[in-house]
Amino acid sequence: MPPILLHSSFPNFLTAALYVGLAVHFWRTRWRGAVLDQPVAGLATWERMWLAVALVFHGTTLGMEIFPGNGESMRFGFALALSMITWLAVALYWIESFYARMEGLQMLGLPLAALCALLPWALPGQHILANAGSLTFRLHFLVAMLAYSLFTLAALHAILMAVTEQRLHRGRLTPLFAGLPPLLTMETLLFRLIHIAFGLLTLTLVSGVVFSEHLFGKALTLNHKTIFAVLSWLIFGALLIGRYRRGWRGRTALHWTLAGFTVLLLAYVGSRFVLEVILGRVAS
């Protein structure tokens, strides 16, 4: 492999190694063997610092990949989208962990973040985003990525709740899961994430409609990205309405959350995967 390629891939591998190393540490100290019979402690200060360092390396690498050169242009694609979404999701987890017990998300989020940190190196297909120098576009882009990331965190949270509920019903609740907040508290946190993410997704759709000509240089077109994004918005909207009017909770809420997240993932990431990985195209 050429030295320049090794050099350019080093930040990606370093970031992945930091995530994997922390995941292995959590596996050995929280998830296996005799530690399962011990009380679960929250994140230690050095563990938070380790995760913070990984996030800094990940964010810096993303910045160099998305904004090459003078930063006036933007490169983006399937791999960078997943990498950025997981980076923001882990960053939000890091912030939220100061206020709520979310240790169970470690073994879900960290391996995923490590994998996604390597994707831009393994699948380098990217395209130049039009109007990247526009402040309106960058705000639209940032809000969209935050919405994706919060919904990713909500989906991981929903999976953790489903596993916890299953173990509770089977009487196999280890101290790791027993140390988590009650399911009702976790459900409250889940809907708080969904409320914020739904608001951001609404802003994304509205800004895309109102500023379509300015953002993309053309009137809004009804394509697969728009259809999937609107469909996801309708699913999450229905979930919130069902929550307030019919008291939806438990498995019903989890199923709707995962369904909405899956559809939202197809809106951009799925379409870019088909174009860049399956069809080998990088044009938008």
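Computed from the coordinates by the stated procedures, all read-outs in this text should not be read as laboratory data. The structure displayed is predicted, hence computed values, not measured ones. So basically every Cβ, Gly included, is an ideal-geometry build from the backbone, and we count neighbours across all protein chains shown.
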By average C-beta atoms within 10 angstrom, highest first, the peptides 203-210, 231-238: 231-238, 203-210
Enumerate the calculated ³J(HN,Hα) couplings along segment 245-253 in order (Karplus 6.51 cos²θ - 1.76 cosθ + 1.60, θ = phi - 60°), each rounded to whole Hz, writing x wherever the residue is Gly or Pro. 8, 10, x, 4, 7, x, 5, 4, 5
Which cross-chain or sequence-distant (5 or more) residues have an amide H under 5 Å from the amide H of residue 248, H modelled 1.01 Å from N in plane? 243
